[in-house]
Amino acid sequence: MPNNRKILLATQLLLARRILTVLLCFLLLYSYSYSASVNIFFSPPVDLNHKLAEYIDNAEESIKGCFYSLHSEEIARSLIKAHLREVQVQIVMDAGTLFTEDSFYPQLKNFCLVKKDTITKGLMHNKFCIIDEKLVWTGSYNPSSYAVYTNNNALVIKSKELADIYLQEFQKLWNAQTVDEDKKCNNEIKIEEDLKVEVYFSPEGGDVLLARMKELLQNAKSSIYFAQFTMTHPDIAEILIEKANAGIDIKGIMEYDQIGAYSQYSKLERAGMDIRKDKNYCFSFHHKFFIIDDKTIITGSLNSTKAGFEKNRENVLIIHSTEAAQEYLRYFKNIR
């Protein structure tokens, strides 16, 4: 009998080790760093609350961010702890989400760490954070209690030049500065030899961004893959249909609950495009990215809507990197 118990225990330990190995491989599949400058995360399975909290916990001088909403206790606690260790913490939130259920605005306000946006006509829909004025976190993720279950992507790029550009946008919102309508931001930055990024902010640069996105889509030579929470902009849909008719490989995934009267989903489907509804039936499919010709990524906070380009405050990165695009492509294929 003792020998049987030992055999059972050894079997259980071996099974636990194998399960742990599989889980670690699964997490590594969706957490990618191909250089010292860039980290890419996809949820699920990566817990983006935990990842962002790690960066916040390691901040030494400052944390400055703009988030549409903040409903994560883990992030709120990390921000308050950073403040208590004398790290400068400044967060801007959309005015419409301050007192929604589970918002941590009141707690952060008690420590004077947060302000509401007062200069945006539409939504303050940004989702970025600048750490120590040298590292930028951005993507489609809002800090929330259910972030680990919601389909999102996040990038962390270490670049003083990129951080400086994001800081200009942050200071505009934090200080409620008058917006210069003539100022268009489409900076191109070389992060590494094989990695360049273009930076755009709307609504001031929304027309420039739309023109650039349309240009990239129209110039696609082989493929366009997209994952979109919502798509209502007719110009983008028309280009996708045009390219599909020209023989370009077009594939897409969209959030099921956003397929309504204004959605372009049915139009794309009627055109015979390979477009699918997301499989995350209980939580949002919140991505906002395009992959073009396996070498260019468009991602950020912006949904493909007229409001995103014309009214909302958004940030978008256009990333030129074959290696980074391969990671998005690998993820895209796995969730289809």
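Laboratory data are not the source of any read-out in this text; all were calculated from the coordinates shown. Bear in mind the structure is a predicted one, so any value in this text is a computation, not a measurement. A quick note on method: Cβ atoms are made from the backbone with ideal geometry, for glycine too, and the neighbour counts reach across all protein chains shown.
Which aspartates and glutamates have a Cα less than 14 Å from the Cα of K221, not counting those fewer than 8 places away in the same chain?
E242, D249, D293, D294
Determine the principal axes of the Cα atoms in region 31-169, then give the extent along each, sorted from largest to smallest and rounded to whole angstroms.
The Cα atoms of region 31-169 stretch 39, 32, 31 Å along their principal axes.
Short version: ³J(HN,Hα) in whole Hz for each residue of region 205-218, in order, from phi by Karplus 6.51 cos²θ - 1.76 cosθ + 1.60 (θ = phi - 60°), x for Gly and Pro, what are they?
Rounded to whole hertz, the list is x, x, 5, 5, 4, 4, 4, 5, 4, 4, 4, 5, 5, 5.
Provide the descending list of Cα extents for region 77-141 along its principal axes, expressed in whole angstroms.
That works out to 34, 26, 21 Å along the principal axes.
Normalised by the residues of the chain, what does the relative contact order come to in percent, with Cα pairs under 8 Å and at least six apart? If you can, show how the numbers build up before the last one.
Numbers: 691 pairs, mean separation 57.1, N = 336.
Rounded, it is 17 percent for the chain.
When H286, H71, H50 are ordered from fewest to most other Cβ atoms inside 10 Å of their Cβ, what list results?
With the sparsest Cβ surroundings first, the list reads H50, H71, H286.
How much of the calculated P(r) for the chain lies past 36 Å, in percent of all Cα pairs?
20 percent
Which lysines have a Cα less than 24 Å from the Cα of K311, not counting those fewer than 8 places away in the same chain?
List returned: K64, K115, K116, K121, K127, K172, K183, K184, K214, K288.
Sorted from fewest to most neighbouring beta carbons within 10 Å, what does the list W174, W137 look like?
With the sparsest Cβ surroundings first, the list reads W174, W137.
Tell me the mean residue ellipticity at 222 nm calculated for the chain from its helices only (DSSP H runs of n ≥ 4, each -39500 (n - 2.57), averaged over every residue, nearest 500). Please list the in-between numbers first.
Details: 10 runs with 121 residues, N = 336.
Taken over the chain, the calculation gives -11000 deg cm²/dmol.
Checking the cross-link filter: which aspartates and glutamates have an alpha carbon closer than 12 Å to that of K295, excluding same-chain neighbours under 8 positions apart?
Filter leaves D194, E323, E327.
Starting from region 68-153, pick out the GluC sites (Glu not before Pro) whose DSSP state is loop and whose Cβ has at most 11 other Cβ atoms within 10 Å.
E86, E101
Please report the antiparallel percentage of DSSP beta bridges with both residues in region 221-336, rounded to the nearest 5. Don't skip to the end; give the middle numbers.
On the way: 13 of 24 bridges.
Just about 55 percent of them are antiparallel.
Give me Rg/Rg_expected for region 110-179, where Rg uses Cα atoms only and Rg_expected = 2.2 N^0.38 Å with N residues.
1.22
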